[in-house]
Amino acid sequence: MKNKVKITVGGTEYTVVTQEDADYTKKLAEEVNESINDMCINGRISITAAAILTAVNLCDRLKKYEKEADSLGEQIEGYLHAASAQLTKYNELKKENEKLKKDIEIYKKRLKEENPSAKETGPLSSSVKAAQTVVSLSSEDEAAEDESAFFKAFQ
């Protein structure tokens, strides 16, 4: 909806046709008028020169705000990219966690099958404790280190 708004800038009244709210348009005009009046206070500058300088100042502010907005947009894109990468990493870790949970259940089942008479004694069954003592911790045997780390996770 178009609005006809009467404004006064530099001592002259204008009728502006705009789609903006009338109060908003009047506030803009007041800001421009104030800038022109501030420049004209010393009396050595004409209304026309003050209007041109005001236009240049406002254009300068606009360009700086646009540059700042572009910079913020790039910064937001960087944050979104980082968040996306973290989400991907989270999903990969979640899948790995599920796989490890399944592996734990398989190992528990296998241990129970190998020693059905063993009773659970808290978080670790005696079979698991026995299996831990069998595992070799030599630095050359990476498989043994992996199993040891696996069993330590249950303690």
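Miscellaneous remarks
- The charge dipole of the stretch 1-62, taken about its Cα centre with unit charges on the Cβ atoms of Lys, Arg (+1), Asp and Glu (-1) only, comes to about 180 debye.
- Projecting the Cα atoms of Thr48, Ala85, Gln75 onto the charge dipole of the stretch 44-119, computed from C-beta unit charges around the Cα centre, puts Ala85 farthest toward the positive end.
- The distance between label points at Met1 and Leu58 comes to 2.5 nm (points 7 Å beyond Cα on the Cα→Cβ vector).
- Shown here is the pair-distance distribution of the stretch 13-98: with all Cα-Cα distances grouped in 10 Å bins from zero up to the longest one, the shares run 14, 23, 22, 13, 11, 10, 5, 1 percent.
- Whole-Hz couplings from phi, Karplus 6.51/-1.76/1.60, listed for the stretch 100-106; x for Gly and Pro: 5, 4, 5, 4, 4, 4, 5
- Arranged from fewest to most other beta-carbon atoms within 10 Å of their beta carbon, Lys67, Lys26 become Lys67, Lys26.
- The length gained on full extension between Glu66 and Asp23, counted as 0.36 nm times the residue separation minus their Cα-Cα distance, comes to 13.1 nm.
- Over 28 Å (Cα to Cα) - which of Lys6/Lys67; Lys64/Lys89; Lys89/Lys112; Lys27/Lys63; Lys26/Lys64 fall in this group: Lys6/Lys67; Lys64/Lys89; Lys89/Lys112
Quick note: the coordinates plus some simple rules give every number you see, no bench work behind them. The structure presented is a predicted model; accordingly, all values stated were derived computationally and were not measured. No Cβ is skipped: glycine too gets one built from the backbone with ideal geometry, and neighbour counts run over all protein chains shown.
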